[in-house]
Amino acid sequence: MENPCEVLGTEGLIRRHEFVRIIIQCLYSLGYSSSAACLELESGISYKSNELKLLESFILNGNWDDSIEYLNSVKDVLGETRESALFLVSRQCVREYLNCGQDELALAVLRKQVSALDVDRCKVHSLAMCMLSFKDRELAVVDENDVVVHDLRRKLLADLESLLPPPISVPEARLERLVESTVTAWVDSCMYHSSSNQISLYEDHRCSRDQIPTRTTQILTGHKNEVWFVQFSNNGEYLASSSNDCTAIIWKVLEDGILTLKHTLNGHQHAVSFVAWSPDDTKLLTCGNTEVLKLWDVETGTCKRTFGNQGFVVSSCAWFPNSKQFACGSSDPEKGVCMWDCDGNVIKSWRGMRMPKVVDLAVTPDGEYLISVFMDKEIRILHMGTNAERVISEEHPITSLSVSGDSKFFIVNLNSQEIHMWDVDGKWDKPSRFNGHEQHKYVIRSCFGGLNNTFIASGSENSQVYIWNRRNPTPIEVLSGHSMTVNCVSWNPKMPQMLASASDDYTIRIWGPSFQKNEGQVE
């Protein structure tokens, strides 16, 4: 006979009896019934406890009084589930009495047993209606050996097994859930995890730093002045950059990960401070510094429309999912936030003398929320469907905003040298905080990246790029290469090992994993 107190493992934390029992359950669930029965015989351990076997015999033989008496005898073990278990047994009892024509016995069970149970009254009323309507007729014959009767009792037994606590019953798929918990813990503790590959059970999982971009693979030198903004397209096939040289550039990402210049967008009279890709990646918006907003065709590089005029102050813009409408925010309170279509029509606006200056804004990828940062510590989250608005007040001035690709989170850069992450739905009372970079007086932009938006990257005034895992407030990587302030970073949404950074040193650096080939340079 197996000793129930015998333990396994180097730490002596696993009870052999429980371990074997769980393995047997797993074998049965996988369809290896013969192997499971063989293991039961060889080990002397049964998957079903003696208590469960006793209840099983009562149920399958239709001994309802004995079943109810047994469940009442173990009420201390069952706890809150006892009432639900008694209801399941009583319901089956009532149904069988009804289908046998024993209405008085069914009514007695309903009145004396079911009505006294602390269960959902709707279930009780539903059972009572069965008696009145006689529509609950799963059983067509009286014979207790009928297959339908047997199947219904087997289903009842399965439902009871899911309710009964250990050690009477083993929770469903227990071994699978234990393994899944272990794998989840591996992933959660792996600071570099950014792979969609299946995780092997043969060894403990741990990613190397090669899973994320850590070294310069290419330097783009197409701009002739400070580069203020970079953003990859949604399909990951392009990179747009804007500069103090009054131009924006569209770069093409080739299959081998090398970027080449596709179009230089000329037309702005002042520095270009912001760009935004349409969700379908066919159009690009560029914001001039204290001047007009321009709409470009990505394929041809031609300007399709100019919005506003000289003195039209646009701080940021963001597309809605249909790629036909966008919002733009202005640092001029009289202009506020406007929603435009691509033909130049103002669809909606939020403006007025009491409207604060807009520092930055974003539309969640699902189009449900418009998030705006107002001068200089206020975040407003507007639900586009209901117009419900939520306001978050930060203690320090906010310089930029970025939303995660799954529309669940957003991050803001503060000049207090912190990045705060909030949830869009508003369930958090406090943000997650990330620090280590330098930001005192310039606009520094950060972004989400990697598999499932696991990472956060940010520029810094000390010429470096910082990368955090969202579960850790301190950086896991600090990337050196730029010689001046890094203003903006962008993570390729389709190539999780590619990151771009824009700097005051006139260059854009493309970062990749350390095992890639030597860096190149594009004029």
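Quick note: the coordinates plus some simple rules give every number you see, no bench work behind them. Note that the structure is a prediction, hence the values are computed from the model and not measured. Virtual Cβ from ideal backbone geometry, glycine too; neighbours counted across all protein chains shown.
Subtracting the Cα-Cα distance of K348 and Q269 from 0.36 nm times their residue separation leaves 25.7 nm of extension gain. Close amide H pairs (under 5 Å, H built 1.01 Å from N) link V359 with V373, F374, M375, residues at least 5 positions away or on another chain.
Evaluated with a Cβ-only charge set (Lys, Arg +1; Asp, Glu -1), the chain carries a dipole of roughly 1400 debye about its Cα centre, given to the nearest 20.
Here's the list of lysines a cross-link from K252 could span, going by alpha-carbon distance under 26 Å and ignoring same-chain residues fewer than 8 apart: K224, K262, K283, K294, K304, K324, K494, K517. Extension gain, S483 to L178, is 104.8 nm, computed as 0.36 nm per intervening residue step minus the present C-alpha separation. 3J(HN,Hα) couplings calculated from phi for the stretch 47-52 with the Karplus curve 6.51 cos²θ - 1.76 cosθ + 1.60 (θ = phi - 60°) are, in sequence order, 4, 8, 6, 4, 5, 5 Hz; Gly and Pro show x.
If only the Cβ of Lys and Arg carry +1 and only the Cβ of Asp and Glu carry -1, the dipole of the stretch 48-172 around its Cα centre is close to 260 debye. Using only Cα atoms, locate the centre of the stretch 273-287 and the centre of the stretch 446-460, then give the distance between them in Å, rounded to an integer. Between the Cα centres of the stretch 273-287 and the stretch 446-460 lies a distance of 20 Å. Were the residues from N387 through S126 laid out at 0.36 nm apart, the gain over their Cα-Cα distance would be 89.9 nm.
Summarising the label geometry, the points placed 7 Å from Cα in the beta-carbon direction at L30 and D151 lie 2.9 nm from one another. Remark: for residue pairs K357/K430; K357/K377; K408/K430; K408/K441, the C-alpha separation exceeds 18 Å in K357/K430; K408/K441.
Just check the stretch 48-172 against the gyration tensor rule for me: Cα atoms, a ≥ b ≥ c as the square roots of the eigenvalues, rounded for a/c under 1.5, and otherwise prolate or oblate depending on whether a/b exceeds b/c. The shape class here is oblate. Summarising the label geometry, the points placed 7 Å from Cα in the beta-carbon direction at E51 and C100 lie 2.8 nm from one another. With R₀ set to 45 Å, the beta-carbon distance separating D429 from D256 gives a calculated FRET efficiency near 0.45. Comparing Cα centroids, the stretch 175-198 and the stretch 199-241 end up 24 angstrom apart. Within a straight-line Cα-Cα reach of under 29 Å, K123 can be paired with the following lysines, leaving aside sequence neighbours fewer than 8 residues apart in one chain: K53, K75, K112, K135, K155.
Under a 5 Å amide H cut-off, with hydrogens placed 1.01 Å from N, T217 pairs with I510, W511, G512 among residues at least 5 apart or on other chains. In this structure, the amide hydrogen of S503, modeled 1.01 Å from its nitrogen in the peptide plane, lies closer than 5 angstrom to those of V227, N487, counting only residues at least 5 positions away or on a different chain.
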